[in-house]
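Student: What follows is a single structure, and I will ask about it in a moment.
The values are calculated or read from the model by the stated rules, or taken from the named source; none is laboratory data. Note that the structure is a prediction, hence the values are computed from the model and not measured. All Cβ positions, glycine included, derive from the backbone under ideal geometry; neighbour counts span all protein chains shown. We work out accessible area using only protein heavy atoms, side chains counted, and drop any ligands, DNA or RNA first. Shrake-Rupley method; radii C 1.70, N 1.55, O 1.52, S 1.80 Å.
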Amino acid sequence: MAGTREVIVRAATKLFARHGFDAVSVRSVAEAAGVDVATVHHHAGSKAALYQACFAAVFEAERSALEPVIKGAYDMQGLHRVLDAFVDFLQERPETTGLWLRRWLDPDRHAGVDERYSAPLYEQVQAVLAAAHRAGVLHEPQPHLAVRSLIWAVHAHTVTALHDEVTEDSRFALRAFVHRWLDRMYGQP
């Protein structure tokens, strides 16, 4: 059973993802979590601290989903597993995309969020792509561009999951698309 803090952070994440930081009040988070405002403050602190906690929770969940497959991504099959894990994660947690998209509408605010909650995973995948390039598995002299391009292509497709039900067909279709994209972009000539 989820603890009170976890329930509050989940409710806040969904609200921030849908409405953005400014449009969400601590009172609306309390109502969505089924607690009072004092309980939100007790478990999460200020609204800004709660916002940071949302990113921390999303990052930890994404890290848990991706790190095991990133470590084994030495060939195209391994890279496919990374993509599958990423697609599955975003389709199971579509609020992640909304949270990041809303955050980037105000890029100068909430300093450090990107560095703490996106850069570490980006850097791990970039390192895998660079190693695969050096090994001749794929050809990508600029892995930082590939990572960001593919990540945001997948995010764009998962935006609809904020409003539509994710089905096995939609999950399979997106997986098939990213596999084709990877194979065509980086498959051996």
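Student: Can you give the accessible area per residue of segment 1-96, in Å², using a 1.4 Å probe? Don't skip to the end; give the middle numbers.
Tutor: Values: 4480 Å² over 96 residues.
With all protein chains present, segment 1-96 gives 47 Å² per residue.
Student: Continuing with the same structure: Taking all protein chains as present, what is the carbon and sulfur share of the accessible area of segment 1-93, in % to the nearest whole number, probe 1.4 Å?
Tutor: Details: 2390 of 4430 Å².
Whole-percent figure for carbon plus sulfur exposure: 54.
Student: Right, another one. With +1 on the Cβ of every Lys and Arg and -1 on the Cβ of every Asp and Glu, and nothing else charged, how large is the dipole of the chain about its Cα centre, in debye rounded to the nearest 20? Before the final figure, lay out each step's value.
Tutor: Numbers: 20 positive and 23 negative charges, 42 e Å.
So the dipole magnitude of the chain works out to roughly 200 debye.
Student: Just subtract the alpha-carbon distance of Glu123 and Val37 from 0.36 nm times their residue separation and send over the number in nm, one decimal. Could you put the intermediate results ahead of the total?
Tutor: Values: separation 86, 0.36 × 86 = 30.96 nm, distance 3.78 nm.
Extra length available between Glu123 and Val37 comes to 27.2 nm.
Student: How long are the semi-axes of the ellipsoid equivalent to the chain, from square roots of 5 times the Cα gyration tensor eigenvalues, in whole Å, largest first? Kindly include the intermediate steps, with their values, before the conclusion.
Tutor: Values: eigenvalues 225, 57, 39 Å².
So the equivalent ellipsoid measures 34, 17, 14 Å along its semi-axes.
Student: Let me ask something else about it. What number, in percent, do you get for the relative contact order of the chain if the mean sequence gap of Cα pairs under 8 Å and at least 6 apart is divided by its residue count? Each step should come with its number before you reach the end.
Tutor: Values: 176 pairs, mean separation 43.6, N = 189.
Once divided by the residue count of the chain, the mean separation gives 23 percent.
Student: Convert each backbone phi in segment 102-107 into a coupling constant with the Karplus relation 6.51 cos²θ - 1.76 cosθ + 1.60 (shift: θ = phi - 60°), then list the ³J(HN,Hα) values in order as whole Hz, x for Gly and Pro.
Tutor: Result, rounded to whole Hz: 5, 4, 6, 5, 10, x.
Student: Follow-up. Divide by every residue of the chain the summed helix terms, -39500 (n - 2.57) for each DSSP H run of at least 4, and state the resulting mean residue ellipticity at 222 nm, rounded to the nearest 500 deg cm²/dmol. Numbers along the way, then the final one.
Tutor: On the way: 10 runs with 139 residues, N = 189.
After summing the helix terms and dividing by residue count, I get -23500 deg cm²/dmol.
Student: Another question, then. Return the whole-Å distance between the Cα centroid of segment 78-106 and the Cα centroid of segment 15-33.
Tutor: For segment 78-106 versus segment 15-33, the Cα centre distance is 21 Å.
Student: If you don't mind, another one. With Cβ to Cβ distances under 14 Å as the rule, what net charge do the other residues near Leu66 carry (K, R +1; D, E -1)? Walk me through the numbers on the way to the answer.
Tutor: On the way: positive: Arg63, Lys71, Arg81, Arg93; negative: Glu60, Glu62, Glu67, Asp84, Asp88, Glu92, Glu123.
Its environment carries a net charge of -3.
Student: Right, next: Quick one: Debye curve from the alpha-carbon atoms of segment 1-106 only, equal weights, vacuum; give me log10 I(q)/I(0) at q = 0.12, 0.14, 0.15 Å⁻¹ to two decimals.
Tutor: Normalising to I(0) and taking log10 leaves -0.45, -0.58, -0.65.
Student: Could you calculate the contour length gain from Tyr74 to Ala49, that is, 0.36 nm times the residue separation minus the distance between their Cα atoms, to one decimal place in nm?
Tutor: Numbers: separation 25, 0.36 × 25 = 9.00 nm, distance 3.80 nm.
Extra length from Tyr74 to Ala49 when fully extended: 5.2 nm.
Student: Right, next: Once the other residues with Cβ under 12 Å from the Cβ of Arg18 are scored (Lys, Arg +1; Asp, Glu -1), what is the net sum?
Tutor: Numbers: positive: Lys14, Arg102; negative: Glu95.
Result for the local shell: +1.
Student: Return the FRET efficiency for the residue pair Asp114, Ser149: r is the Cβ-Cβ distance, R0 is 25 Å, and the value is rounded to the nearest 0.05. Kindly include the intermediate steps, with their values, before the conclusion.
Tutor: On the way: r = 17 Å, r/R0 = 0.67.
With a Förster radius of 25 Å, E is 0.90.
Student: Stretched out fully, how many nm does the piece from Asp22 to Asp169 gain, at 0.36 nm a residue minus the Cα gap?
Tutor: Values: separation 147, 0.36 × 147 = 52.92 nm, distance 3.59 nm.
Additional length available on full extension: 49.3 nm.
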